[in-house]
Every structure is written in structure tokens, then in C-alpha cells.
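The values are calculated or read from the model by the stated rules, or taken from the named source; none is laboratory data. Computed from a predicted structure; not experimentally measured. Cβ placement follows ideal geometry from the backbone for every residue including glycine, while neighbour counts extend to all protein chains displayed. The area values use the complete protein model at the heavy-atom level, side chains included, leaving out ligands, DNA and RNA. Shrake-Rupley method; radii C 1.70, N 1.55, O 1.52, S 1.80 Å.
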Amino acid sequence: GATIQLDGLTKRYPGTANPAVDNVSMEIKAGETVILVGPSGCGKSTTLKMINRLIEPSSGRIRINDEDVTDMDPVKLRRQIGYAIQSSGLFPHMTVGENIALVPKMVGWSKSKVKDRVEEMLDLVGLDPREFHGRYPRQLSGGQQQRVGVARALAADPPVLLMDEPFGAVDPITRDHLQDELIRLQHELHKTIVFVTHDFDEAIKLGDRIAILRERSHIAQFDTPEAILTN
Ligand code: ADP
Ligand code: ADP
């Protein structure tokens, strides 16, 4: 696992009156799953995007294992962080197999290891590799695209997973299966997971701790599911 530290993290988008994320500090322990819940627009996605360095903070610091994300070289960053988003974010001009292979290739895995890994990941998310490997994202349902997005996030076996409503479009039975797989990854592989959801049951099921956010990602409560349920 890896620890994630946010110190005074702030994001102001140009031309907006208020910061989207305002002075957020949080420590996520190695191997811990933290769920971010809060109203639409409170800055959850912005926070994940900053951790993944897709957007730059206006101020504040992000450290993974005490190393500033800003200073990390791009290949190392990709090796550390897997990222799955609601819209799947698949590259439309690449097949399912190519999408999943992208990060493992980038971080230098051998061809044969990548090939095996793509099959393993498709199996994990419940898609038959023979049927889905060569398809393009547009040839998949929304739920199937999300599952490929999750497979891609896990492919290079990163210690950190950032997941932004990754199961939102997945059917209930598959979602249950994917939640169980995620719990297995927590327990067996000690992944550090930051997971955004609107689904309170999902938060309770998956979270070691739940951060309830208000506007601008102000932390209203940050505690275990048990403590949150009894408050
Ligand atoms: P959440 O993920 O909690 O729904 P977001 O992080 O997507 O919230 O958005 C937080 C706030 O930042 C919202 O008010 C949103 O409108 C604003 N925002 C998000 N992206 C941009 C952008 N690229 N430019 C300007 N404002 C943005
Ligand atoms: P949306 O607005 O639909 O939530 P985003 O703006 O969050 O989509 O998209 C984030 C960007 O990150 C997209 O360009 C997507 O292709 C890219 N992306 C998605 N997954 C990864 C990944 N694992 N590594 C690097 N970039 C990614």
C-alpha cells in the first residue's frame, strides 16, 4: 500500500467566484479505502483529478509515500496510480485490449506478460476475453465500457486506486461482483483506494472510512461506517 497526504489542497478554476476545493487536508493510510460522499459539484472529481495530476492544484500539496506528486516523473506516477471514472474514459480509437494494455506497456511490462494480464483483467470484470478483446468502446454498452475502465485502472497493479463512481452504470448483479472483487483487492493486495460514490450503501459496504463532504469539499465528518451509522 501507499499513504496519501493532502495538505491544504485548493483548486480555483479560472473565471469562477469560489474555489471548487478549498483548503482540504486529509491523510489516507496505506491499505485503507476512503469513500468520498457529498452533493454533486462539491469537488470530489476535482480532488481525484488533482491527485492523479490531470489538473494542477492552485495551492497545497499532495504526497504519496511522502513524495510530492508534482515532482514525480510521469511513468512513476502511472505505476503508482490506477484511475477509473464514471464515463470510463476509454480511448475510442483503441480496442478494449489496447486500452487495458496501455499503462502496463507504458511502464515497461513484457509483451507476453501484458497479453496474459489483459485476459486476466477481462475475466476479473466478467467479460469473456475472446469476445471483448478486439472490440472498440462504441461496440460496448455503457456498463461494459465501465467494466473495461475498471480493468484498465487495475491492469498495471498500482498500489493506489482512484475511482470516481466506477460502477454507476453497471447492472446490479455485476456491481455486486465488482464490489466483492474490490474488497478482495483491499484485503489481499492492500491497495489504497479513494472511491467516490453517491450510493450510501456502497459507501458503507466498501469504506474503511467515509468522508462526508460539503460544498468546496469541506470535510463535515470523517469516520468509520460504524461511527457514521450510529451518529
Ligand atoms: P463533484 O465531482 O463533487 O460533482 P466537481 O469536482 O466535478 O464536483 O466540481 C466542483 C465544482 O467545480 C463545481 O462547481 C463545478 O461546476 C466546478 N468545475 C468543475 N470543472 C470545472 C472546470 N473545468 N472549469 C470551471 N469549473 C469547473
Ligand atoms: P469526465 O468529465 O467524463 O469525468 P474526465 O474529464 O474526468 O472525464 O476525463 C479524465 C481524462 O483522463 C480523460 O481524458 C481520460 O481519457 C483520462 N484518463 C482516464 N483514465 C486514465 C488513466 N488510467 N490514466 C491516464 N489518463 C486517464
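Give, as a single signed number, the net charge of other residues whose beta carbon lies under 15 Å from the beta carbon of residue 104, with Lys and Arg counted +1 and Asp and Glu -1.
Details: positive: 76, 78, 79, 105, 111, 113, 115, 117, 152; negative: 98, 116, 119, 120, 157.
Value of the local net charge: +4.
Calculate the FRET efficiency for residue 231 and residue 58 from the Cβ-Cβ distance with a Förster distance of 41 Å, rounded to the nearest 0.05.
Working: r = 33 Å, r/R0 = 0.79.
Approximately 0.80, to the nearest 0.05.
Determine the sum of side-chain charges near residue 169: Lys and Arg each +1, Asp and Glu each -1, restricted to other residues whose C-beta is under 10 angstrom from that of residue 169.
0
Kindly write out, for segment 191-199 in residue order, the coupling ³J(HN,Hα) from the Karplus curve 6.51 cos²θ - 1.76 cosθ + 1.60 (θ = phi - 60°), rounded to whole Hz, with x marking Gly and Pro.
For segment 191-199, the Karplus curve yields 5, 9, 10, 10, 10, 9, 8, 9, 9 Hz.
What percentages, rounded to whole numbers, describe P(r) for the chain computed over all alpha carbon pairs with 10 Å bin width beginning at zero?
Spelled out per bin, shortest first, that is 8, 33, 36, 19, 3, 0.
Of all accessible surface on segment 4-55 at a 1.4 Å probe, what whole percent is carbon and sulfur?
Reported share for carbon and sulfur atoms: 48 percent.
Enter the accessible area per residue of the chain (Å², integer; probe 1.4 Å; all protein chains in place).
I get 47 Å² per residue for the chain.
To the nearest 20 Debye, how big is the dipole of the chain about its Cα centre, given +1 on the beta carbon of each Lys and Arg and -1 on that of each Asp and Glu? Mind showing how you got there, number by number?
Values: 28 positive and 32 negative charges, 163 e Å.
Approximately 780 debye in magnitude.
Provide Rg and Dmax in Å for segment 1-49, with only Cα atoms included in the calculation.
Both quantities, over Cα of segment 1-49: 12.1, 38 Å.
For segment 100-231, give the percent of accessible area contributed by carbon and sulfur heavy atoms, probe 1.4 Å, rounded to a whole number.
C and S atoms contribute 50 percent here.
With the cut-off at 31 Å, tell me which of the pairs 44/113; 115/205; 11/115; 76/111; 113/191; 76/115 have Cα atoms farther apart than that.
Exceeds cut-off: 44/113; 115/205; 11/115.
For residue 58, which sequence-distant residues (separation of 5 or more, or a different chain) have an amide H within less than 5 Å of its own amide H, given hydrogens modelled in the peptide plane?
Hits under the 5 Å cutoff: 10, 11, 12.
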